[in-house]
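Take a look at the structure below.
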Amino acid sequence: MASPRLETYCCPNRDAATQLVMNFQPEVFCGVCIGSASISLLLTILQLLPKKGQSPRKMPKASSSSTILLLISICDILGGLGMIFRSSVWLGFPGFIANISVVNGTDVWPSTFCVGSAMWIQLLYSAGFWWLFCYAVDSYLVVRRSAGLSTIVLYHMMTWGLAVLLCVEGIALLYYPSLSSCENGLEHAIPHYITTYAPLLLVLVANPILFRRTVSAVASLLKGRQGIYTENERRLGTEIQMRFFKIMLVFVICWSSNIINETLLFYLEMQPDINEMPLKNIRSAALITWIIMGVLNPMQGFLFTLAFYGWTGWRVDLKWRKREIPWESMSSSTVGENTYPSPVNYQSNIHDSKKISTTDSQQTDEAISMLSEGNTSSDERLTRSSPIYQGW
């Protein structure tokens, strides 16, 4: 799982609260992390692979929103691989890991592995948080028709730049001036925890606000498309709202245990002796949430694919087929062909003389289709209710 306690454990003079959770059934905990991460990894890849039995259809160019969804899944997959590798080494080489606790040890490889693996996990999941924030921003900009050709480039710069900056800054402050002297005071640990949890809290606070504003903008677009607000359009707006709700629900389920656990451990750190009997219930709660984190954090990848695309089925089609792009995407932020669960297959078969009169309607339908991608029923209703389908 992803927790700043992983980096704190690399300090030989770690605090008592970190020592408590990291020494609680380490074999069981590593096994839980490996099992959860492996299941999530396999199911996430299964979700993203093309399936047999699906009707052959042309793939449109990927929008910036659909690209962001893919990048979120990639971050989860790579983060899960980091968890599997780290936990496997801990289980397979207990003597190697034991050398981390040696204050004046000459073998630097245990500490290097500890720091490197912890940074890999933190960096990938932190990048996933930033991409999720970018998805909320992009959804709002698409509906407002404010996304430009350079938006996906800006998202890359912001996401990877901030993820690397905060990760390196937090690690540098924690381990300054060296591993042997880190964790001597809260002035080392607190900045590290802030840089770790800042993007997580940003998603918890900002994304619901952006999603709510996007849903309101979608309702206005649906009303203005034909001057009326039909039952089909009301259902489409509701499904987009439910899509955003599922995304936030998965995020809260997977990461609320981290916030609870960190709060409990910080409270224990403030106590003169964490082994006192009055603190027994708090210690038990911290250990329970620690195990829960090992289960839920790696499962985010698979649960997000369910929220993004729904269940795509078991029958995988590994045959490569050359697909042609039948139309140019109306979205102004595009980045190549879509090779993962596709957004709406929205085709227009109208005469050239009528294209100008339907430009606004096409842009509106395209913006809404990007938000409801992966939902077949929404796609069909959108197509049937559009002026293009009705033969404008």
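Readers should treat all values here as calculations from the given coordinates under stated rules, not as data from a laboratory. Just so it is clear, the model here is predicted, and its values are computed rather than measured. Glycine also receives a Cβ, built like all others from the backbone with ideal geometry; neighbour counts cover every protein chain displayed.
Results, tabulated for the structure shown:
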read-out	value
Too-long pairs where the Cα-Cα distance tops 31 Å, listed order kept, from Lys52/Lys246; Lys223/Lys246; Lys246/Lys280	Lys246/Lys280
Pairwise label distance in nanometres, Asn23 with Ile39, each label 7 Å out on the Cα-Cβ vector	3.1
Pair Ser220, Trp314: separation of 7 Å Cα→Cβ label points (nm)	4.7
Segments 152-159, 193-200, 126-133 sorted - mean Cβ within 10 Å per residue, highest first	126-133, 193-200, 152-159
